[in-house]
There are 2 protein chains.
Amino acid sequence: MKRKITIRDVAKKAGLSVSTVSLITNNKPNVNDETRRKVLEIIKQLGYHAQRSARGLASQSSGNIGFILTEDHFSQAEPFYTKIFLGTEFEARNHNFYILLTTVGWTLKDHNQVPRFLLEHNVDGVIIAGKIGASWVDYIHEQNLPLILIDYELPRHRVSTVGMDNRTGIKLVVEHLRRGGHTKIGFIGGDVHHPSIAERFASYRDTLSAGGISIVNQWIAVGEANTSLSDGYEAAKKIFSMNGERPTAVVCANDAMALGCMKFLKETGVAIPGDVAIVGFDNIEAGLHVEPRLTTVNVHREEMGGIAVRRLVEMIKDQSAVLTKTLTPVELIVRDSCGVKEDVSD
Amino acid sequence: MKRKITIRDVAKKAGLSVSTVSLITNNKPNVNDETRRKVLEIIKQLGYHAQRSARGLASQSSGNIGFILTEDHFSQAEPFYTKIFLGTEFEARNHNFYILLTTVGWTLKDHNQVPRFLLEHNVDGVIIAGKIGASWVDYIHEQNLPLILIDYELPRHRVSTVGMDNRTGIKLVVEHLRRGGHTKIGFIGGDVHHPSIAERFASYRDTLSAGGISIVNQWIAVGEANTSLSDGYEAAKKIFSMNGERPTAVVCANDAMALGCMKFLKETGVAIPGDVAIVGFDNIEAGLHVEPRLTTVNVHREEMGGIAVRRLVEMIKDQSAVLTKTLTPVELIVRDSCGVKEDVSD
DNA sequence: TAATTTAATTGAAACGTTTCGATTAAAGAA
DNA sequence: TTCTTTAATCGAAACGTTTCAATTAAATTA
């Protein structure tokens, strides 16, 4: 078992002090060019690389970023947050950070629910994705750790966020449907307490109003506890089991619910998009494989993760960094479930 | 900015030496019960927790596990390896480890392609998922690091692996089709250099032979470079553009290719399962949403990751641990694309 | 030439643990 | 009582860096 190579070995071989070598590996100024070149050469030759834990101890930094998800978000079948996570992983590499992932309960009650990476001071900053209890945000602020929220926000808290342009997304959807002649447009929202869902719902109402289309409460289902496929199924059942006039189009706050809605309609023999047009939001994989293929709004999930990491790294390197709110753009993806062709003119 | 609480604070408050406190936090023997109780109380009261980097430096361990994927596996749309990764994440938490993920090129040529966590001695063991160049395995062995391979193996190398029971999976598929009356059974394999695909292919041939069904080379497509949806599409085109007799069933080496195959058949007006039965392997989400729903073989992806972590942790704690090869079970999931009902008798 | 500034290098402390040989106190054996 | 063993605790070194004040040497100014 060959011994690990340490900075001491490099210093010795170079005939210099350890501190000079350290200055060089961290490429700090005030080192003679020739010395630097020579030491770099030796480092390469010896295959030296500073050990993370020693570095961390001395400089009180870990080189890690904590990524926190609530348990229910993590275990969700649809990999919405997974994609965000992978985006952070990818970007983190560019900044020489690693991501430590963990899940937590909805609120922080007990001290021994705190993720180990926080207790062990093993992260330099934290990213939280999705709706979460404010107590977590408070806790992380107390630890003086830089923090970014993805796809969530807390109005009362001073915290940087990365989100997506929900309002524009729904606006594009509604206007597209209207252009296709639809004026009876329903909405399936699920859990409208989630800020993104709430924004989508608000934008639905605003855009209808702005277009002079009346809002019919019987065509709106926003009471469900969650935003999963089965919630969409139940919501559709509610809307389409009513007597009276039916909507000719339904805007769903996400693709999962749109798929659930389609499932119900298919089972009851309603033609899509013939009888009812369906539109989703998020552009998940499954929307591509369903029949008819789902018209939806694309969200740059990986990119959201990437941006969050960039912001966080700025905050880590410059503790004075300013508060930011970043919105990533979205775009309408017209497929078959809405029955309206992509507009050439406009 | 309140100072971090260190072991020294605990020792002072308890009127004991630092070493005794350390013995307690690592619950080592030879400590008086009363002392232990008292110190634990103080630790709780102070909210003390050992800092990872200090611990790591002193004990020469990181508390991290490295997870390596090749770039192409990582960027693959279908989250096969993502699921495995999440499985490792989940299990790692139970053992107080964190996973550091990275991607690498196919082979290790250049020293500066080595993942940072290896250079920095920042992992206690490594998991590699999927096909990868042998040079990586060699490199990790040189570093004396415990290693587990998931869904891959290298016959010439002494390394523990976690895989799935590919042979049984395909056997179940073929026998199911045969029970449904099929005797003209094709196979789409894609990249048969991948050991799992190769096993599936071999099992296809073996099971046909064992069942007295003849193997028709025109119905077999195994030349493709990869195993993605488009490879399945192309493979189907090859098989069904031939003159002469056609198969009545096609076994696909994974779901992605099965979906590609279905796409081609639908486009050319072939009825599924009426004219041709299709079966996949892997049980990916998308198979549930396609019409008809895909019959497939379920693979416990998260569990494979979990088992790999358990094995690896054993190796980390006990360097003398023996070489293991673990196969996870698979099961046939009968849905609609095969046109054969689940057998009640047998 | 002497005094001052600047650039390069260094020694030593600090970071917070673990670990191991040494020490002390208590218990048991002779 | 004295010697030996065992249990509990401790002191100090070690882990491999970074960082900062101090030193030395060289360059510049007076």
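Restricting attention to region B:104-115, does a residue exist that is touching a residue at least 40 places away in the same chain (Cβ under 8 Å), buried (at least 21 other Cβ atoms within 10 Å of the Cβ) and within 14 Å of chain A (Cβ to nearest Cβ)?
yes
A:Gly181 - would you say it is surrounded by fewer than 17 Cβ atoms within 10 Å (Cβ to Cβ), over 30 Å from A:Asp318 (Cα atoms), more than 17 Å from the chain's Cα centre (by Cα) and not hydrophobic (A, V, I, L, M, F, W, C)?
Yes.
(1) touching a Ser or Thr at 6+ places or on another chain (Cβ under 7 Å); (2) more than 20 Å from A:Phe85 (Cα to Cα): which one isn't true of B:Thr103, the others all being true?
(2)
I'd like to verify a number: residues in region A:43-61 that are within 13 Å of DNA strand C (Cβ to nearest atom) and in a helix (DSSP H, G or I), how many?
8
Might you let me know whether region B:261-282 holds any residue that is part of a loop (DSSP other than H, G, I, E, B) and of a type in the set (Phe, Trp, Tyr)?
Within region B:261-282 (the criterion being part of a loop (DSSP other than H, G, I, E, B) and of a type in the set (Phe, Trp, Tyr)), the answer is yes, since at least one residue qualifies.
Please count how many residues of region B:115-141 are of a type in the set (Lys, Arg) and part of a helix (DSSP H, G or I).
So the answer is 1.
Given the structure, is B:Ala256 in a helix (DSSP H, G or I), farther than 20 Å from B:Arg205 by Cα and within 14 Å of chain A (Cβ to nearest Cβ)?
So B:Ala256 passes the test.
Among the numbered criteria (1) assigned by TED's automatic domain parsing to the domain that holds A:Phe201; (2) modelled with pLDDT of 95 or more, which one does A:Leu312 miss?
(1) is the only condition that A:Leu312 fails.
When only residues in region A:1-14 that are surrounded by 13 or more Cβ atoms within 10 Å (Cβ to Cβ) and part of a loop (DSSP other than H, G, I, E, B) count, which is farthest from DNA strand D (Cβ to nearest atom)?
A:Ile5
Taking the condition of being touching a His at 6+ places or on another chain (Cβ under 6 Å) and basic (Lys, Arg), how many residues in region A:323-340 meet it?
Number of matching residues: 0.
When you scan region B:15-33, how many residues do you find that are modelled with pLDDT under 95 and part of a helix (DSSP H, G or I)?
Of the residues in region B:15-33, 1 are modelled with pLDDT under 95 and part of a helix (DSSP H, G or I).
Hey, any hits in region A:20-31 for a residue that's within 14 Å of chain B (Cβ to nearest Cβ), crowded, with 19+ Cβ neighbours inside 10 Å and within 15 Å of DNA strand D (Cβ to nearest atom)?
no
Mind checking which residues of region A:119-133 are at the interface with another protein chain (Cβ under 9 Å from one of its Cβ atoms) and open to solvent by 10 Å² or more (accessible area, probe 1.4 Å)?
A:Leu119, A:His121, A:Asn122
Which of the residues that make up region B:150-194 are free of Cβ contacts under 8 Å to residues at least 40 places away in the same chain, part of a helix (DSSP H, G or I) and in contact with a helix residue (DSSP H, G or I) (Cβ under 7 Å, 6 or more places away or on another chain)?
B:Arg167, B:Lys171, B:Glu175
Name the single residue, out of those in region A:42-91 being under 30 Å from A:Phe281 (Cα atoms) and among the small types (Gly, Ala, Ser), that is farthest from DNA strand D (Cβ to nearest atom).
A:Ala77
Which one is nearest to the other protein chains (Cβ to nearest Cβ), of the residues in region A:32-59 that are among the hydrophobic types (A, V, I, L, M, F, W, C) and open to solvent by 50 Å² or more (accessible area, probe 1.4 Å)?
The residue in question is A:Leu57.
Might you let me know whether region B:66-84 holds any residue that is closer than 23 Å to A:Thr6 by Cα, part of a helix (DSSP H, G or I) and within 9 Å of chain A (Cβ to nearest Cβ)?
no
Could you count how many residues in region B:32-41 are more than 8 Å from DNA strand D (Cβ to nearest atom) and basic (Lys, Arg)?
2
Could you please give the count of residues in region B:288-336 that are open to solvent by less than 40 Å² (accessible area, probe 1.4 Å), part of a loop (DSSP other than H, G, I, E, B) and more than 17 Å from B:Gly169 (Cα to Cα)?
Residues that pass the stated criteria total 4.
The values are calculated or read from the model by the stated rules, or taken from the named source; none is laboratory data. This is a predicted model, so every value here is computed, not measured. Virtual Cβ from ideal backbone geometry, glycine too; neighbours counted across all protein chains shown. Surface accessibility is based on the protein's heavy atoms, side chains included, excluding ligands, DNA and RNA. Shrake-Rupley method; radii C 1.70, N 1.55, O 1.52, S 1.80 Å.
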